[in-house]
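Student: First, the structure itself, so that you have it in front of you.
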Amino acid sequence: MTKIAVIGAGAIGRPVVEALLAGAIDDVEVIGVVNDKPLPDGFPVPQIHLAEAIATSDVIVECAGQAVVARHAVEILESGRDLLVTSAGALADAGLATRMTAAGPGRFVVTSGAVGGVDLLVSAGSYGSVQRASVTTTKLPGALLQPWMDDATQERIRTTTEPITIFEGTAEEAARFFPRSLNVAATVGLALGSLDLVEVRLIADPAAELTSHVIEADTDAGSYRFEIRNHPSPDNPRTSGVVARAVVRSLSVLVGRPVGAVSII
Ligand SMILES: NC(=O)C1=CN([C@@H]2O[C@H](COP(=O)(O)OP(=O)(O)OC[C@H]3O[C@@H](n4cnc5c(N)ncnc54)[C@H](OP(=O)(O)O)[C@@H]3O)[C@@H](O)[C@H]2O)C=CC1
Ligand SMILES: O=C([O-])CC(=O)C(=O)O
């Protein structure tokens, strides 16, 4: 039996817990959830402190935010627990990425999250060269407002009646400026081995009922274009609903019991 603790009980963490309790992966036990505020009445597993999660679990699943990875990842890995990271953008901090890579004996992996095709990008980028890469993300305006934006910028985004580009930069900048909306840009950068290479464009579109991520890459193995169109989570319009399912799939690979009739990793 593999013991799992989850950090975060929001739009990703809660459905992950529910899926695991429903038996999505054989032989796992959810020992509890670490969360900022008290969990709502009726939450199906106990709320625990991080220290208890570290003491009693085999794998810790982060579904809480980049700051949690920055604060706790090294401690978790040094305790010998494996860590599944959802907030991939935390690894845009090169210093943190280096410390996490050096830490152990626990292992960390990053979920593919809201996007796909990253397996192919890892394969293409592994031994060869990457000429260019880009991620263009389109979301509803309200999902993109940030505390650092001034009032005029927030108003322009909130009231736009047509698609507007609100950010262009590298994947590192994207993860830093939009920590809850552009983790996928970091995921693509990590897959290709360079966050600086990935040109990111973020579009606020009032008609974007589906969140879209268009990923393009030219490599010496081939040229790729993936267009992903996800339904937003009903609990958090910033987050695509599929992310929780991706976390469960990633966890299933990490614990060695991949979901699906045929194992595709
Ligand atoms: N890789 C990918 O494709 C994607 C990654 N993400 C990442 O996943 C994160 C979670 O997304 P989502 O579930 O939608 O966000 P939510 O805001 O819905 O939920 C976040 C949860 O984490 C909890 N939390 C926040 N800080 C802490 C802390 N310091 N310790 C313990 N718990 C904490 C919150 O608790 P409370 O509400 O009580 O404050 C809340 O329960 C995002 O911030 C983003 O970094 C998101 C989408 C896609
Ligand atoms: O869920 C999504 O579509 C993407 C997202 O929020 C992120 O990358 O942070």
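Student: Sequence gap at least 6, Cα distance under 8 Å: using those rules, report the relative contact order of the chain to the nearest whole percent. Before the final figure, lay out the partial values.
Tutor: Details: 561 pairs, mean separation 53.9, N = 265.
Relative CO of the chain lands at 20 percent.
Student: What number, in nm² with one decimal, is the all-direction average of the projected area of the convex hull of the alpha-carbon atoms of the range 118-231? Spell out each step's value before the answer.
Tutor: Values: hull surface 26.7 nm².
Here the figure is 6.7 nm², rounded to one decimal.
Student: Would you work out what percent of the accessible area of the chain, with all protein chains in place, is carbon or sulfur (probe 1.4 Å)? Walk me through the intermediate numbers first.
Tutor: Numbers: 6360 of 12470 Å².
Carbon and sulfur: 51 percent of the exposed surface of the chain.
Student: Express the accessible area of the range 179-265 per residue in Å², computed with a 1.4 Å probe while the remaining protein chains stay in the model. Please list the in-between numbers first.
Tutor: Values: 4220 Å² over 87 residues.
On a per-residue basis, 48 Å².
Student: How many nm is it between the label spots at residue 131 and residue 259, if each spot is 7 Å from the Cα in line with the beta carbon?
Tutor: Result for the modelled spin labels: 3.8 nm.
Student: Okay, next question. Would you calculate the convex hull of the Cα atoms in the chain and tell me its volume per residue in Å³?
Tutor: Numbers: hull volume 35.6 nm³, N = 265.
Hull volume normalised by residue count: 134 Å³.
Student: Could you give the length gained by full extension between residue 154 and residue 218, i.e. 0.36 nm per residue of separation minus their alpha carbon distance, to one decimal place?
Tutor: Details: separation 64, 0.36 × 64 = 23.04 nm, distance 3.46 nm.
The residue 154-residue 218 span can extend by a further 19.6 nm.
Student: Can you list residues whose amide H is under 5 Å from residue 48's amide H, if they're 5+ apart or on another chain and H is modeled 1.01 Å from N?
Tutor: Under 5 Å from the amide H of residue 48 lie the amide H atoms of 33, 34, 35, each far enough along the sequence or on another chain.
Student: How big is the charge dipole of the chain about its Cα centre, in debye rounded to the nearest 20, if each Lys and Arg gets +1 on its Cβ and each Asp and Glu gets -1 on its Cβ? Spell out each step's value before the answer.
Tutor: On the way: 20 positive and 30 negative charges, 43 e Å.
So the dipole magnitude of the chain works out to roughly 200 debye.
Student: Skipping prolines and chain starts, which residues have an amide H placed within reach, meaning under 5 Å, of the one on residue 233, given they are 5 or more residues away or on another chain?
Tutor: 239, 240, 241
The values are calculated or read from the model by the stated rules, or taken from the named source; none is laboratory data. Bear in mind the structure is a predicted one, so any value in this text is a computation, not a measurement. With ideal geometry, Cβ positions are generated from the backbone for all residues, glycine too; neighbour counts draw on all protein chains shown. Note: areas computed on protein heavy atoms with side chains; ligands, DNA, RNA excluded. Shrake-Rupley method; radii C 1.70, N 1.55, O 1.52, S 1.80 Å.
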